[in-house]
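Chemist: Please see the structure below; I have some questions.
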Amino acid sequence: MIKLANSRQSTIADSLSKHVRSAADAFVFDLSYTIGCITKAICMHEYPFSFMEHVGMKEVYALMQPTFKVPSRNTIKKDIFEMYELGKLNMTKLMDGNDSRVAITTDMLSFNQEKRYMVVTAHYIDSSWILQMRVLSFTYVLAPHTSEVLPNALMKVLLEWNIDRKFSTITLDNCSTNDAMVDELLGRLDSNLWNSTYVMLETAWLYRNVFPRLRQKDPNYKSLPSNEERNLAKEICDKLKLFYDVTQLFSGTQVPIANIYFNKVCYINVALKKWSASPNSLISNMACSMRVKFDKYWEEIHCIMGIAVILDPRYKLAKLEYKFSTVYQNQNECSSKIERIKQICYDLLHEYQQNPSNSSNTFEDSTQELHMNVEQDDDAAYQLYIRQTKKKVNGARFPTLQRIVRDIFAIPVSTVASESSFSTSGRVIAPHRGNLHEDTVEALMCNQNWLWAAYRQRGEKPDYQTTNDDDDDNVVSEVID
């Protein structure tokens, strides 16, 4: 036993001891709250329901709270559905209270290529000018996935969330079924994944000096690349890296996307033209194949892209004119594309003026001034258009312009998510969830998205982690540090 040197130390020690005892006495174990926290963890980190019953976890619970009784799977499942219903109610209020338009993305995800789920995600910029992304539905769709079945499934979600008259755009992947689906939706890009090729080449290049040694050590190794093949692999890898880097930009959800991807897309356009003219037939054929899909994407997206650039005070009309001049070699075609985009901007302005939001009751003077400038001088009108959207505080004075900017900037570039677009494993849904009922999967996936969004909404920046995120490198780093 350690003796205290003086009475002062004794007083401090007694005080600390009393504080610890009072804190322990004040603690009340809340079983319901504890189970709720466990339910959140299962949703957020993709733990299997069975992890509660693992021997190691039971020992942890017994150590922390001997009276704790491990809840059954049915209890956890019941809590998950209750959390989902409450989250859906809160999301409904959030969507109803949102006065900006909503951009929709939808994609078909799978588990072992057996069950196919339609994921519908809403993108919008809130009143604080923060881009928000929420999963609205993770719905199992029965085969066959025809151009009649998919639009019906999507329209059901839009009607359920009461945004069938509120969405601005719908972004789909470019599988053949969606070509007909788009026509059906108007009446009412499956990315070309070069991922495995890029990852394989990038990894192989790191070990390029190992292959000759392998040839020396193993007489059965007959596939040593020639210098020409190595150089070709490096060239292809460098080109595919452009698409990998752009994919990372496209997959962002915390920054406005529609106004920042313009430069990258234009660069891809120009790069594909250059690669198509390569004297190397392999490079040329690869580029031509990629260009077919890119041209289809460009034709659909360049107008929205141009509008977003004009509305961005960093770029404006001059940026659009310069970049389009690099994309379109024909001056008449270039001018025609720009004029069309400008006209769409004017049409948007007039449409929003005809349909003001509830808060847009002070915009009369500003819109009259803008309309006058549009009639008198196109360039002057655009300068005013941009200048007044530079700061969001001007929204009270120019709410119409603010509404347009919020709606356009919220439009996503594509449905691609970084963790799936360049994934070589093909895993979309955690394997241990593959046999769950479809309703349970939807509740888990929506809860996961909404819970992480709540963390970000509070200003926290938690690392997204699941049961598949183990990494020895992090462990080694922690030990060394």
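Chemist: Mind checking whether some residue in region 136-152 is in contact with a His (Cβ under 8 Å, 6 or more places away or on another chain), at pLDDT 80 or above and either outside any strand (DSSP E or B) or within 20 Å of Met445 (Cα to Cα) (or both)?
Modeler: Checked against the condition, which is being in contact with a His (Cβ under 8 Å, 6 or more places away or on another chain), at pLDDT 80 or above and either outside any strand (DSSP E or B) or within 20 Å of Met445 (Cα to Cα) (or both), region 136-152 yields no hits at all.
Chemist: Across region 291-332, what is the number of residues that are more than 23 Å from the chain's Cα centre (by Cα), hydrophobic (A, V, I, L, M, F, W, C) and surrounded by 14 or more Cβ atoms within 10 Å (Cβ to Cβ)?
Modeler: Total meeting the criteria: 5.
Chemist: Checking the conditions here, which among Asn263, Asn231, Asn209, Asn220 is at pLDDT 65 or above, within 30 Å of Ser128 (Cβ to Cβ) and either loosely packed, with under 15 Cβ neighbours inside 10 Å or touching a strand residue (DSSP E or B) at 6+ places or on another chain (Cβ under 9 Å) (or both)?
Modeler: None of the other options fit; the residue is Asn263.
Chemist: Can you say whether Glu53 is more than 30 Å from Asp126 (Cβ to Cβ), among the charged types (D, E, K, R) and at pLDDT 85 or above, as far as the supplied structure shows?
Modeler: No.
Chemist: Moving to a separate point now. Restricting to region 276-326, what's the tally of residues that are within 30 Å of Ala233 (Cα to Cα) and not in a helix (DSSP H, G or I)?
Modeler: Result for region 276-326: 4.
Chemist: Inspect region 169-181 for any residue being modelled with pLDDT of 80 or more and of a type in the set (Ser, Thr, Tyr) and give the result as yes or no.
Modeler: Yes, region 169-181 contains a residue that is modelled with pLDDT of 80 or more and of a type in the set (Ser, Thr, Tyr).
A quick yes/no check of all residues on (1) out of contact with any Gly (no Cβ under 8 Å at 6 or more places or on another chain); (2) farther than 22 Å from Val265 by Cβ; (3) modelled with pLDDT of 85 or more:
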| site | (1), (2), (3) |
| --- | --- |
| Ala318 | yes, no, yes |
| Glu321 | yes, no, yes |
| Phe324 | no, no, yes |
| Ile338 | no, no, yes |
| Ile341 | no, no, yes |
| Gln354 | yes, yes, no |
| Ser366 | yes, yes, no |
| Met372 | yes, yes, no |
| Gln383 | yes, yes, no |
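Chemist: Among the residues of region 438-481, count how many are modelled with pLDDT of 60 or more and assigned to a helix (DSSP H, G or I).
Modeler: Residues that pass the stated criteria total 20.
Chemist: Also, quick follow-up: Residue check, Ser50 against (1) touching a Ser or Thr at 6+ places or on another chain (Cβ under 7 Å); (2) more than 15 Å from Ala443 (Cβ to Cβ); (3) of a type outside the set (D, E, K, R), all met but one. Which one?
Modeler: (1)
Chemist: Is one or more of the residues making up region 53-74 buried (at least 16 other Cβ atoms within 10 Å of the Cβ) and closer than 30 Å to Lys166 by Cβ?
Modeler: no
Chemist: Could you tell me whether Tyr140 is among the aromatic types (Phe, Trp, Tyr) and under 19 Å from Leu451 (Cβ atoms)?
Modeler: Judged against the criteria, Tyr140 is not a match.
Each row is one residue, and each column tells you yes or no for (1) touching a Phe, Trp or Tyr at 6+ places or on another chain (Cβ under 8 Å); (2) aromatic (Phe, Trp, Tyr).
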| position | (1), (2) |
| --- | --- |
| Ser278 | no, no |
| Lys293 | no, no |
| Tyr297 | no, yes |
| Gly306 | yes, no |
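Chemist: Also, quick follow-up: Looking only at residues that are modelled with pLDDT of 80 or more and part of a loop (DSSP other than H, G, I, E, B) in region 107-135, which one is surrounded by the fewest Cβ atoms within 10 Å (Cβ to Cβ)?
Modeler: Filtering region 107-135 for residues that are modelled with pLDDT of 80 or more and part of a loop (DSSP other than H, G, I, E, B), the one surrounded by the fewest Cβ atoms within 10 Å (Cβ to Cβ) comes out as Ser128.
Chemist: Just give me the residues in region 113-136 being in contact with a Pro (Cβ under 9 Å, 6 or more places away or on another chain) and within 18 Å of Asp439 (Cα to Cα), in sequence order.
Modeler: The answer is Thr121, and nothing else.
Chemist: To continue, here is another question. For Leu31, are the conditions met, namely being loosely packed, with under 14 Cβ neighbours inside 10 Å and under 30 Å from Arg165 (Cα atoms)?
Modeler: No.
Chemist: Based on what the data block shows, is Met91 assigned to a helix (DSSP H, G or I) and under 29 Å from Leu185 (Cα atoms)?
Modeler: yes
The values are calculated or read from the model by the stated rules, or taken from the named source; none is laboratory data. This one's a predicted model, so the numbers in the text were calculated from it and none came from an experiment. We place every Cβ from the backbone using ideal geometry, glycine too, and count neighbours over all the protein chains shown.
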